[in-house]
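Each remark here refers to the structure printed beneath this line.
Readers should treat all values here as calculations from the given coordinates under stated rules, not as data from a laboratory. Remember, it's a predicted structure, so these values are computed and weren't measured experimentally. With ideal geometry, Cβ positions are generated from the backbone for all residues, glycine too; neighbour counts draw on all protein chains shown.
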Amino acid sequence: MKRETKLTRRETLLKLIAGGGALSLAGCGLDARSPAALAVLETAEALTRTVQRALLAPRQALAREYRPEDISSYFRPNGSTAPDDPNYQDALAANFADWRLEVGGLVENELKLSLADLRALPSRTQITRHDCVEGWSCIAEWKGARLASVLAAARPKPAARFIALYCADTLEQSLDGDGQYYETIDLVDAAHPQTILAYEMNGAPLPVEHGAPLRLRVERQLGYKMAKYVMRIEAIDSFAALGRGRGGFWEDRGYEWYAGI
Amino acid sequence: MSAAERLLRPAARRVVLRHSALTRICHWINAICFFALLMSGLQIFNAHPALNFGQTTDFTKPLLSLAPNGFPAWATLPEVQDLAVGRRWHFFFAWALVVNGAVYLGDLLLRGRIRRLWPSASDLKSIPRAIMEHARLRFPKGDESLRYNVLQKLAYLGAIAAFPLLILAGLTMSPAMDSAFPWLVDLFGGRQSARAVHFLLASFLVAFVVVHLAMVVLSGPVNNIVSMITGRYRIEEEGHEA
């Protein structure tokens, strides 16, 4: 009888230790960045995108627009601030006189647009808040051609599902050109009235550190979606073949393709 | 004694069913979500370790700055600096917290359980005495140990109210949510204010958890923890011979 009690106690104790060990192993061995963990965590992105898109859709909601006095006296430039690409440097030296925005991919009508061509398209001016994924915000006035107008001139084919923007800047030096900045947005955001290709910031031509001569504004998403130094736009049916296949420079490095939060 | 506090064993030591299965499940899911959100939240904070009030960031005059490194690596999830992964953890567990919290709040409100937590007028008058008793670490026995005292009621209600506000402040940092519901920005007085409120409410909840854990340990840790796992809470009778 006594022996039995002892055994039971010993068993219980061993079980407790084993249980505790398993728990602490899980605690130490759990790699918060493992592909298996990320595969599970990434399911939340689709949920967020679906819910936020559903909330935004009924009223085709616009991002808040601010008053001129709200404009930030200092707007932090982030990412590349001076692309070292020689072609870009040459274009900058010539004040982008011979620079052309290429529009191609799945379109009926390929385009090469000068800054004057872009200025001749229907424009929009908006004072909006720029939210960086890091957590800070700045407000500026942006003026640019509506992306919808550019696309209307290029006439995307029915197969087009995304718009890819290829940039002049390289944030990460690599042999395979992997560090080239690019972004993709879908047609919902491309058609949004506040989605513009901005050539002016606070009433002056776009400064180099903010993406001269042209940057994207997608006001209902975070800053990393708003590609600077845009050189070429393509209508595409999938972004699987671009970069590492996740739809953008930062997306390839783990960030969400849908950056509404 | 309420129906939920069903008498299981009448003796000097009685065992009652203190917490419903739903409360227990919600409690532990919430505990996991809280720590995942707190640690991944500190990882996200570290990407810009300063706070501001208002719409925008004044980089020269922060309200609070932990520059350049922010919180230590052991407090963040993941441990190394990785904003992208921190965000993945944060938003996954934010959804889990919202679903779990909705189930808990629904139970609390629809089934009237919140009455157990709502302080009465006499409760509020007894605040000074309750503080004195807590300071002396004197905890009630018998049936009295089943009732929440006024400090517990206020602390639990405060924590329960902090969560929805914390979530709203978090959502106000989302540019898409601000477009869908512009009043969110006005509610907090700007996106950066919302970020500061999100941080301050999280700090309040950390303080709540610290006091909560201290009270669990001081007022009979085994009995408390067992009751939150199995629901069974052991009562020590006062001046009652077995």
Can you work out the Karplus-derived ³J(HN,Hα) for every residue in the range A:145-161? Use 6.51 cos²θ - 1.76 cosθ + 1.60 with θ = phi - 60°, whole Hz, and x for glycine or proline. 7, 5, 4, 4, 5, 4, 5, 4, 6, 8, 6, x, 6, x, 6, 5, 10
Qualifying GluC sites (Glu not before Pro) in the range A:160-258, DSSP loop, other Cβ atoms within 10 Å at most 12: A:GLU172
Express the relative contact order of chain B as a whole percentage, based on alpha carbon pairs under 8 Å and six or more residues apart in sequence. 30
At what distance in nm do the modelled label points of B:SER126 and A:ASP117 sit from each other, each positioned 7 Å from its Cα along Cα→Cβ? 8.1
Of the cross-linked pairs A:LYS143/A:LYS225; A:LYS228/B:LYS61; A:LYS143/B:LYS61, which ones have a Cα-Cα span greater than 19 Å in the structure shown? A:LYS228/B:LYS61; A:LYS143/B:LYS61
I'd like the FRET efficiency for B:ALA159 and A:ARG67, computed as 1/(1 + (r/R0)^6) with the beta carbon distance as r and R0 of 30 Å, rounded to 0.05. 0.20
For A:TYR199, the net charge from surrounding residues (Cβ-Cβ under 10 Å; K, R +1; D, E -1) works out to +2
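Report, please, the projected area of the range B:106-242 averaged over directions, based on the convex hull of its C-alpha atoms, in nm². Spell out each step's value before the answer.
Working: hull surface 45.6 nm².
Averaged projected hull area, Cα only: 11.4 nm².
If we count every other residue with Cβ under 14 angstrom of A:ASP98's Cβ, Lys/Arg +1 and Asp/Glu -1, where does the sum land? Mind dumping the intermediate values first?
Details: positive: A:ARG100, A:LYS112; negative: A:ASP90, A:GLU102, A:ASP117.
Combined, the nearby Lys, Arg, Asp and Glu give -1.
May I ask you to derive the relative contact order of the range A:63-253, considering only C-alpha pairs under 8 Å and at least 6 residues apart, and to give it as an integer percent? Don't skip to the answer; put the middle values down first.
Working: 411 pairs, mean separation 48.8, N = 191.
Value for the range A:63-253: 26 percent.
Lys and Arg at +1, Asp and Glu at -1: add these up for the other residues within a Cβ distance under 14 Å of A:GLY211 and post the number.
Numbers: positive: A:ARG76, A:LYS143, A:ARG215, A:ARG217, A:LYS225, A:LYS228; negative: A:ASP85, A:ASP169, A:GLU183, A:GLU200, A:GLU209.
Taking every Cβ under 14 Å from that of A:GLY211, the sum is +1.
For the protein assembly as shown, compute Rg over Rh where Rg is the Cα radius of gyration and Rh is the Kirkwood radius from the inverse mean 1/r over Cα pairs. Mind showing how you got there, number by number?
On the way: Rg = 28.5 Å, Rh = 26.3 Å.
Ratio of gyration radius to Kirkwood radius: 1.08.
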Please list, ordered by chain and number, the residues whose modelled amide H lies under 5 Å from the amide H of B:ARG14; skip anything fewer than 5 residues away on the same chain. B:ILE235, B:GLU237
Between B:ASN30, B:PRO221, B:ILE160, whose Cα lies farthest towards the positive end of the dipole of chain B when Lys and Arg beta carbons carry +1 and Asp and Glu beta carbons carry -1, centred on the Cα centre? B:PRO221
GNM result for chain B, Cα springs below 10 Å: residue of B:SER20, B:SER227, B:SER120 fluctuating most strongly: B:SER120
Extent of the range A:63-253 along each principal axis, from alpha carbon coordinates, in Å, largest to smallest? 43, 36, 34
Volume of the Cα convex hull of chain B, divided per residue and given in Å³: 160
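Which ordering of A:THR43, B:THR56, A:THR48 is given by a fewest-first count of other beta-carbon atoms within 10 Å?
Working: A:THR43 11, B:THR56 24, A:THR48 20.
Ranking A:THR43, B:THR56, A:THR48 by Cβ neighbours within 10 Å, fewest first, gives A:THR43, A:THR48, B:THR56.
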